[in-house]
1. List every residue pair whose Cβ atoms sit under 7 Å apart, with the two residues 6 or more apart in sequence or on different chains, where the first one lies in the range 153-174 and is free of Cβ contacts under 8 Å to residues at least 24 places away in the same chain and the second, anywhere, is surrounded by fewer than 23 Cβ atoms within 10 Å (Cβ to Cβ) and part of a helix (DSSP H, G or I).
2. Name the residues in the range 49-88 that are surrounded by 17 or more Cβ atoms within 10 Å (Cβ to Cβ), touching a residue at least 60 places away in the same chain (Cβ under 8 Å) and not in a loop (DSSP other than H, G, I, E, B), would you?
3. Of these, 92, 119, 108, which one is at pLDDT below 90, under 24 Å from the mean Cα position of the chain (by Cα) and part of a helix (DSSP H, G or I)?
4. Here is a list of conditions, (1) more than 21 Å from the chain's Cα centre (by Cα); (2) surrounded by 14 or more Cβ atoms within 10 Å (Cβ to Cβ); (3) assigned to a helix (DSSP H, G or I), and residue 186 meets all of them except one; can you say which number that is?
5. Could you please let me know if residue 171 is at pLDDT 85 or above and either over 21 Å from residue 78 (Cβ atoms) or surrounded by fewer than 20 Cβ atoms within 10 Å (Cβ to Cβ) (or both)?
């Protein structure tokens, strides 16, 4: 009987079918997906203008804006004002980025530096740039120095905040490794600190480039004689809605392109990371 039990063929058992794994990721990237939202907004604007839902006296039609932009380019006003605005934004962005990065390194690598610097910068973070303009006018006048300083302050804070957070998020094991290898401070800074702070710095730059254009909008409409903001303020006095819309569209495109450039650098520089966006 024992032999018969041992030699009895086994019946095949079927394993229960597994449910297909649910994908929780956002999905594959959409080609030119960044342009989809602006194109839909443009289509809604054109549709509203063509059907009469949008009054041309309140919001000029897209084709009117394009024609006005062509006229401004033909007489050279748009290029001249754009060059002035770009110079101001670039100068303020450069100074604010360097200052914010240096301050973040000092505060992130030193408890004393953090105690001295972090509080005042957090106070500035809570004060809108527009609220500081009257004081900066009293201190610096209405010239280029006041405008560049306002843009610099708008850039410095996000660069500092995110770079400082990136520094404090570095894994302590890397720091201990550097201490074990007895790395010199310069090597430690180059090999561990800067790569570790890079994700936070690039995130801060995305906020900074937008902050530079936002601050520029404010300062160029205060006793300016050149720039896109000046052109818009002059158009307001003469009721030229189409010129104002040209300026707004230009500011929006500059901000979108600037953010796209930083995102491209971010994607290239941080290609080693595997994130939800991949």
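The values are calculated or read from the model by the stated rules, or taken from the named source; none is laboratory data. Here the structure is a predicted model, which is why all the values come from computation and not from measurement. Note that each Cβ is placed from the backbone with ideal geometry, even for glycine, and that neighbours are counted across all protein chains shown.
1. That search, which allows pairs on different chains as well, returns 174/192; 174/196.
2. 65, 68, 69, 72, 78, 81, 82, 84, 85, 88
3. 108
4. Going through the list (1) more than 21 Å from the chain's Cα centre (by Cα); (2) surrounded by 14 or more Cβ atoms within 10 Å (Cβ to Cβ); (3) assigned to a helix (DSSP H, G or I), residue 186 breaks only (2).
5. In short, no.
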